[in-house]
1. Tell me which of these Leu211 doesn't satisfy, since it passes every other one: (1) touching a strand residue (DSSP E or B) at 6+ places or on another chain (Cβ under 8 Å); (2) surrounded by 19 or more Cβ atoms within 10 Å (Cβ to Cβ); (3) in a helix (DSSP H, G or I).
2. Condition check: in contact with a helix residue (DSSP H, G or I) (Cβ under 9 Å, 6 or more places away or on another chain), buried (at least 18 other Cβ atoms within 10 Å of the Cβ) and among the hydroxyl-bearing types (Ser, Thr, Tyr). Does Tyr264 satisfy that?
3. Give the residues of the range 71-83 that are within 19 Å of the chain's Cα centre (by Cα) and open to solvent by less than 10 Å² (accessible area, probe 1.4 Å), sorted by residue number.
4. Could you tell me how many of the residues in the range 31-50 are in contact with a helix residue (DSSP H, G or I) (Cβ under 7 Å, 6 or more places away or on another chain), near the ligand (Cβ under 9 Å from one of its atoms) and under 28 Å from Pro142 (Cα atoms)?
5. Looking at the range 6-50, which of its residues are in contact (Cβ under 8 Å) with a residue 60 or more places away in the chain and touching a Ser or Thr at 6+ places or on another chain (Cβ under 7 Å)?
6. From the list Gly204, Gly239, which residue is assigned to a helix (DSSP H, G or I) and of a type in the set (Gly, Ala, Ser)?
7. State whether the residues of the range 275-282 include one that is more than 16 Å from the ligand (Cβ to nearest atom), under 21 Å from the mean Cα position of the chain (by Cα) and assigned to a helix (DSSP H, G or I).
8. Residues in the range 86-113 that are more than 24 Å from Ile170 (Cβ to Cβ) and either within 11 Å of the ligand (Cβ to nearest atom) or touching a His at 6+ places or on another chain (Cβ under 7 Å) (or both): how many?
Amino acid sequence: MTLINEVIINKKSNLNPIWIMRQAGRYLPEFRKIRKLNPNFIKLCLNENLSSKITLQPLKRFNLDAAIIFSDILMLPYGLDQSVIFKKNFGPLLGDLNLNQMSKIKEKDFVAKLSPIYKAINNVSKNELLINKNMIGFVGAPWTLLVYMINKQSPKIKLKRTFFKDKILINETLLIIDKFLKKHIKNQIKSGANIIQIFDSWAGLLDEKDLPDYVYYPTLNLVNYIKTLHVPVICFPRGIKNYKNYCENVKPDVISIDYEVDPYLIKKQIKIPIQGGLNPKILLTNKENLKKQTFKYLKIFKDFPYIFNLGHGILPETKPEMVEYMVNLVKDYK
Ligand code: CP3
């Protein structure tokens, strides 16, 4: 059994498996080299040979316990024919959301459009670097996808007041998101993904009163669906204030905490395995500080089922040498 499964399924502690959110890409020179030659990011995600290669790059360098497929949460709107481009120094930019057209899309056309992702998962999961390790598939949470599909770009700090104006548009879009997310998840699992992580990067934008409608209920629905496929699900509701409430409502197998969460407190409040926490900015400081902060998390979660990870994606300016240092600290920790 993989170390991550020992933690999730058998609730083992002191094993300290490790993987890193956004480990494939950005900060690795070997990724940047490929990226430079492939200016269209979506096309790169749909090039099964290159995306397989990029997925394996961090595993070639570091002693990680899982691969995460090189893809993007925005492949879902792309698969639904909403245009998505990645503008340099700006981030994603989506085209207008046309519900009329979108509601006519057939599942088989969606799956055909995204099929290189499934082929890449299949390739990677059979690679010898994956022996005794997990292959993580992922999706954006319904709420975070809704934000991108309606707002058409990253919302930065807060949503425009007009965001909730058209309730019909919101509800119809959520229904489509739910239907195709399930399809996307099922195909990733069929192709070899043996864990699913749900990224709710914009959960923290909502007021407490709106969490049940937009976060708890739609995510619980997905979590229940993934459980019927017998694959563990990790949820990452970045920026929410009350992780305990989230866990009680959404019931994931693992909760991934962001760097604002007090690790002492969460350990007392939550009964399920915990992942993550370390602020990615610590990797930009120095080895001494990195060691201190890494040990802090390892000490707090000693004797608790814990998967080491960061509290958000690794930053592009991170030196691979610092990642290697951190991974070895975690692996050698007794
Ligand atoms: O974890 C991995 O290494 C697997 C690949 C992965 C990517 N995106 C590749 C990517 C994963 C898991 C994601 C998730 C994702 N994508 C999220 C949720 C996690 C989070 O960070 O909150 C979100 C919100 C997105 C949407 C997205 N994609 C944005 C906002 C951007 C631009 C800014 C950025 O983060 O670079 C992307 C582009 C993107 N997705 C890149 C990569 C490697 C950079 C592309 C480039 O080289 O320009």
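The values are calculated or read from the model by the stated rules, or taken from the named source; none is laboratory data. Fair warning: this is a prediction, and the values are worked out from it, not measured in the lab. Here Cβ is always computed from backbone atoms with ideal geometry, including for glycine, and neighbour counts include all displayed protein chains. Only protein heavy atoms, including side chains, enter the accessible area calculation; ligands, DNA and RNA are left aside. Shrake-Rupley method; radii C 1.70, N 1.55, O 1.52, S 1.80 Å.
1. (1)
2. no
3. Leu74, Met75, Leu76, Pro77, Gly79
4. 2
5. Tyr27, Cys45
6. Answer to the selection: Gly204.
7. Scanning the range 275-282, I find at least one residue that is more than 16 Å from the ligand (Cβ to nearest atom), under 21 Å from the mean Cα position of the chain (by Cα) and assigned to a helix (DSSP H, G or I), so the answer is yes.
8. 5
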